[in-house]
Structure formats: structure tokens, C-alpha cells
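This report concerns only the one structure given below.
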Amino acid sequence: MINIDMDVVVGHAQDNFEELEMNSGIKVFAGASDLTQITASAILEASVPKKSTSIHGLMNVFKHTFDGSFGQRFNLRIEDVDKIRRFNEIGKSVFFDVMSYYIFKGMGVEHILATQDARDLVQQLEPVERALLNRIQDPIENMHRTVDKDGYNVLLRRRTPQRKFVLAKMDAATLYNINVEHESPQPVQENVIITRFNMLTGTGRLLLDRASDSVAFRHELNWDHVLQSQKNKFSQNLDVNNRGGRDAFIPITIHANELRDHIGELKTYIIKEVI
């Protein structure tokens, strides 16, 4: 069994820190637990777990709290024999350098890997990187709860008897990053089907193909100003595909700008025209 001493600290070195609202604190600590477990599991197994609570042989364990800025010590505990072997192969410094890399990248911040071994490991994990970055967004958002509500920063650290290593810092800059969205400078043309549509607002969801996840859409114009002939194309496509059954894919072609989040995930199509 391997126990790695870590902590999460709220309001570190901030003179205005006085108290921590409990619901916000719970979100921060739950986010820290999920973030470390999910990222550790992905590094050790080269696959992304769907639930942090179902990771075999890997857990976080509370330790004593400490005074000052509100903090909680915990152990990242590795019990599974294969995970222990893989952790020892990677080495502690490379393991945590790569963990920092993914957490910072998940917040839209560049992290320079310290060694070639760390760069090689990230390259090996490239097939799961997109899934991992998506999977850790909810924990990252939870760890920003006190940043958003109270202006208190949050540190995730690894502890040794000699010093503390900051693995990630959540603050006003990273809060901005995780909430920013980027609109594509040029429109794209896509064949899609409408799966949900609100006739009053012109918003809904669409599919690029039957195997993909649905994506939100809205019109670039105020819905009241859109031609009725354009409005009808949305409702008609929804109707024809509903009547066609589960395997039906009778598309319409949209001319739209893409709205993507800080890690490049497509969030919304801003439709200019149905062709």
C-alpha cells in the first residue's frame, strides 16, 4: 500500500479569509477528491473512470485538519497491486507533474512538464486525454466554488516532511478561464437532425449523426425576426425524424458558427441559416 500525503487549502495567504461556508467547502473537498482520484486512475491505467467511487484499489482518506487558512489533509491511497507497480514505474515526481499538467490544462492554463519522462507519459496518454479533460470539468468547477462565492483561492498540494508542492491553484483567473466560450471566426456547414426544439425561443438540440452526443443550438437573430420559412424547417425536421423511428437520419443543412469552451469542446451552434 502507498499513502501519499496531500492537502487542499482554501484562502491560503489571503488576509480577508475569515470563514468558510459549509456547502461551498463540501463542494471544494469533494472536487479535490474526485479530481485526484480520476486523474491518478487515468495516469496509472490509461483509461478514464466513469465514477470516482468505483475505482478499484485507489481512494482518498481524510487526515487531521490544520489551523490558519481552512485546509484539510488527506492521503491519496493506492492499494491495488497493479496500480502500485505502475506508480513505482512512473515515479512520484513524474506522476504528480503529469497530474498537474492535466489539471491545469483542464482549467485553460499552460503547465510546462519538467522532464522528458513526463512528456513521454503525456504522449502515451494522448488517446485518453480528451475524455479525461472532459471528465474532470465537474470536479474543477466544484473546486472553484469558494473562488466564485467568496473570492477565496484554493490550493491542491502534495506534502512531504520538507516542503509542500502546489499541484494546482484555483483563483479568479482560472475561474474566468473555465467560464469563457469562444465563437469560431468562420461559419461551418453541417448536416444535422433536430432532436429537440422550442418553437417559442428557437432553441433546441441537434445531432451530427446517430452515434454522437447532442449539441445545443440557437439562432443568431432574435427569434421574432427569423423568417417563418426558416422556422418551419426546424419543426419539420424534428417531425420527420420522429416519425421515421430511432434509426432515421434525414438531415437538414445548417450554416452556423461554433461556440466552444476553454478545452475546445463544442457547446452550441449559433445558426445563421438553414440551407
Going through Arg135, Arg145 one at a time, which residue ends up being buried (at least 20 other Cβ atoms within 10 Å of the Cβ), in contact with a Ser or Thr (Cβ under 7 Å, 6 or more places away or on another chain) and basic (Lys, Arg)? Arg145
Could you grab me the full set of residues in the stretch 160-174 that are under 17 Å from the mean Cα position of the chain (by Cα) and closer than 18 Å to Phe29 by Cβ? Leu167, Ala168, Lys169, Met170, Asp171, Thr174
More than 23 Å from Arg73 (Cα to Cα), exposed (fewer than 15 other Cβ atoms within 10 Å of the Cβ), in contact (Cβ under 8 Å) with a residue 40 or more places away in the chain and not assigned by TED's automatic domain parsing to the domain that holds Lys105: does that describe Gln189? yes
Can we say Arg218 is at pLDDT 95 or above, surrounded by 13 or more Cβ atoms within 10 Å (Cβ to Cβ) and within 22 Å of the chain's Cα centre (by Cα)? no
Could you list, in sequence order, the residues of the stretch 237-275 that are touching a strand residue (DSSP E or B) at 6+ places or on another chain (Cβ under 7 Å) and assigned to a loop (DSSP other than H, G, I, E, B)? Phe249, Ile250, Pro251, Asp261, Ile275
Where in the stretch 1-106 are there strands (runs of 3 or more DSSP E), lying fully within it, with 3 or more residues that are modelled with pLDDT of 90 or more? 2-10, 70-78
Of the residues that sit in the stretch 236-269 and are buried (at least 18 other Cβ atoms within 10 Å of the Cβ) and over 30 Å from the mean Cα position of the chain (by Cα), which one is nearest to Ala211 (Cα to Cα)? Asn241
Looking at Glu258, Glu265 in this structure, which one is touching a Ser or Thr at 6+ places or on another chain (Cβ under 8 Å) and outside the structural domain of Gly108 (by TED's automatic domain parsing)? Glu258
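The values are calculated or read from the model by the stated rules, or taken from the named source; none is laboratory data. Predicted model, so just to flag it, every value in this text is computed and none were measured. Heads up, the Cβs are rebuilt from the backbone with ideal geometry, glycines too, and the neighbour counts pull from every protein chain shown.
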